[in-house]
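None of the figures in this text is laboratory data; all of them are computed from the coordinates on show. Please read these numbers as outputs of a predicted model, since none were measured by experiment. Here the Cβ positions follow ideal geometry from the backbone for every residue, glycine too, while neighbour counts run over all protein chains shown.
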Amino acid sequence: MEKKGILIVISGFSGAGKGTLVKELLRRHREQYSLSVSMTTRAPREGEREGVEYFFTDREHFEKEIEQDGLIEYALYCGNYYGTPRTYVEEQLAAGKNVILEIEIQGALKIKKKFPECLLIFVTPPNVKELKRRLEGRGTESEEAIANRLARAAEESEGVEAYDYLVVNDNLEQSAEDVHSLVAAARWAPVRREKFVKKIREELHSYAKGVQE
Ligand code: 5GP
């Protein structure tokens with residue numbers, strides 16, 4: 001297997017439980033994955049720590065990062081900037097780790113353009129009632145913010161076909177293992193086995209040439 005890790009994009013409606021799913025995946029298979037920490041201009045929620053859930057910053061600094069090409073993608077989501085710092089992702093991929101980006105759909109599409117060999121996974125709850133229950137149960141957002149996020153989810157649902165796989169998150173352990181299996185299977189795709197494909201192709205061509213002569 002080639003050493004370079006897989007860039008995995010995990011998106012899903014706000015409240016789909018993707019954060020919890022990713023945590024469960026890391027708990028089970030820590031050594032194979034690295035989680036990218038995004039930068040955001042959103043205010044920290046209670047309990048969120050600088051450099052763990054996000055790097056919290058202001059608009060001015062965020063825009064400077066954009067200018068200096070420090071982010072591999074960014075998006076505006078419900079009035080705030082969110083973006084993926086470049087250095088960590090590049091280093092971890094080169095070290096053979098599968099790097100997880102937990103980002104929304106605009107960012108996911110930008111990543112797909114820049115890194116066509118990435119793996120796009122969309123996480124959804126089984127139904128909208130459950131989504132609303134999870135958003136309300138979190139207790140961190142106002143009623144208005146929840147309504148905003150549900151409206152955004154409706155828009156995002158239009159883009160689901162751009163993803164490689166859809167995981168319905170109704171059982172945390174199962175969903176974490178499902179994602180892990182998808183990543184394991186993705187390693188076998190020809191686009192992620194460039195070196196092997198190149199080698200066997202060259203050998204076959206030179207053999208065929210030898211036979212013809
Ligand atoms: P939240 O405010 O709930 O933490 O995140 C809001 C949305 O922004 C979620 O869908 C989350 O996945 C997404 N998000 C988090 N970090 C990034 C990022 O770096 N880039 C993009 N495009 N979206 C992000």
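Things to note:
- When the Gaussian network model of the chain links Cα atoms closer than 10 Å, the mean-square fluctuations of Ile111, Ile121, Ile66 top out at Ile66.
- Separation between Cα centres of segment 1-47 and segment 65-115, rounded to whole Å: 12 Å
- Distance between modelled label sites at Phe115 and Glu203, nm, 7 Å Cα→Cβ extension: 3.0 nm
- Taking Phe115, Phe62, Phe13 as the candidate residues, the one with maximal mean-square fluctuation in a Gaussian network model of the chain, Cα springs under 10 Å, is Phe115.
- Put a plus charge on the Cβ of each Lys and Arg, a minus charge on the Cβ of each Asp and Glu, and nothing anywhere else: the dipole of segment 93-208 about its Cα centre is then about 660 debye.
- Whether segment 48-94 is rounded, prolate or oblate, judged on the alpha carbon gyration tensor where a/c under 1.5 counts as rounded: oblate
- Debye-sum result for segment 104-153 in log10 I(q)/I(0), which assumes one identical scatterer on each alpha carbon, at q = 0.18, 0.25, 0.27, 0.32 Å⁻¹: -0.70, -0.92, -0.99, -1.19
- Each 5 Å bin from zero holds the following percent of Cα-Cα pairs in segment 105-213: 2, 9, 13, 15, 15, 12, 9, 6, 5, 4, 3, 2, 2, 1, 0, 0.
- Placing +1 on each Lys and Arg Cβ and -1 on each Asp and Glu Cβ, with no other charges, gives the chain a dipole about its Cα centre of roughly 700 debye.
- Pairs of Cα atoms farther than 22 Å apart, the chain, %: 54 percent
- For segment 157-170, Karplus couplings with θ = phi - 60° (6.51, -1.76, 1.60), whole Hz, Gly/Pro x: 4, 6, x, 4, 5, 6, 8, 6, 9, 10, 10, 8, 8, 10
- In this simple spin-label model, placing a label point 7 Å from the Cα along the Cα-to-Cβ direction at both Ala184 and Lys64 gives a separation of 4.6 nm.
- Distant-in-sequence amide contacts of Glu102, defined by a placed amide H-H separation under 5 Å and a gap of 5 or more residues or a different chain, comprise Ile10, Ser36.
- Per-residue HN-Hα couplings for segment 54-61 [Karplus 6.51, -1.76, 1.60; θ = phi - 60°; Hz; x = Gly/Pro]: 8, 9, 8, 8, 9, 4, 4, 5
- Summing Cβ point charges (Lys, Arg +1; Asp, Glu -1) relative to the Cα centre of segment 143-213 gives a dipole of roughly 820 debye.
- Loop trypsin sites (Lys or Arg not before Pro), segment 70-150, which have at most 14 other Cβ atoms in a 10 Å radius of their Cβ (DSSP): none
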